[in-house]
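Accompanying notes for the structure given below.
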Amino acid sequence: MIPDTDKAYIAGLFDGEGSIYFAKRPEKKKKHKGKGYRTSMSQRISMEITMTDQSVIRWVHEIVGCGTVVKKPRKGLRKDGTKYLMQYKWRCTFRDAYYVCCMIWPWSHTKLPKIQQIIEHYTQKAFKNNVISLEEYREIKKMFDKYIYEGLHFIMKWSGQINSWAWRRHAKILRTKQSKEMEELVRRQENFEYLEELKRKL
């Protein structure tokens, strides 16, 4: 589970350095059969963060677990004649963008309108085009998060008890084995001393 502090930090990165694209517009595409072009309505949904700090971009990619990271070189030179620093871009689209939006919306500010558009777009699909409010979606998400948290807590609790029982059982087996080995050693020592005593008497 991603900590809330990480989610809030990523939301801040989007507000300051990120961009979100949500649009439905006609686009010219090649025909499936034959020559020529056709015009169709296309949905475009994407999110990206571009920075010169590669470590931050890699961290975002690792935390959210989706999207891609690519280099984004900038052409030309600065006013002082030096080259621009290499930029790194993390980007995700469609369902991955929906997942990230659901994760960061409680902490978003400047990008909140676009985030709400993406969330409402997919929640309407999920509920078979029955329009629901974002507040209802938030309540449903809180409920599922609660069930997931309680389920993980139950598993961790019982796994800890099972591990504890297994270690106690293992320690008991080791103590029993050591006790038997010690008894066998003492018995052998006594037998050796008895034989030595008999040799001396003979």
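Out of 146, 157, 199, one residue alone is modelled with pLDDT under 75, within 30 Å of residue 105 (Cα to Cα) and part of a helix (DSSP H, G or I). It is 146. Being more than 28 Å from residue 123 (Cβ to Cβ), at pLDDT 90 or above and in the same structural domain as residue 121 (by TED's automatic domain parsing) holds for only one residue in 19, 46, 108, 55, and it is 55.
Within the stretch 47-101, which residues are of a type in the set (A, V, I, L, M) and part of a loop (DSSP other than H, G, I, E, B)? Across the stretch 47-101, the qualifying residues are 85, 86.
Considering 5, 39, which residue is assigned to a helix (DSSP H, G or I) and either under 18 Å from the mean Cα position of the chain (by Cα) or among the β-branched types (Val, Ile, Thr) (or both)? On inspection, the qualifying residue turns out to be 5. Exactly one residue among 102, 66 is buried (at least 16 other Cβ atoms within 10 Å of the Cβ), under 20 Å from residue 118 (Cα atoms), assigned by TED's automatic domain parsing to the domain that holds residue 120 and not polar (S, T, N, Q), and that residue is 102.
The values are calculated or read from the model by the stated rules, or taken from the named source; none is laboratory data. Here the structure is a predicted model, which means the values were calculated and not measured. In this analysis, Cβ positions are derived from the backbone assuming ideal geometry, glycine residues included, and neighbour counts consider all displayed protein chains.
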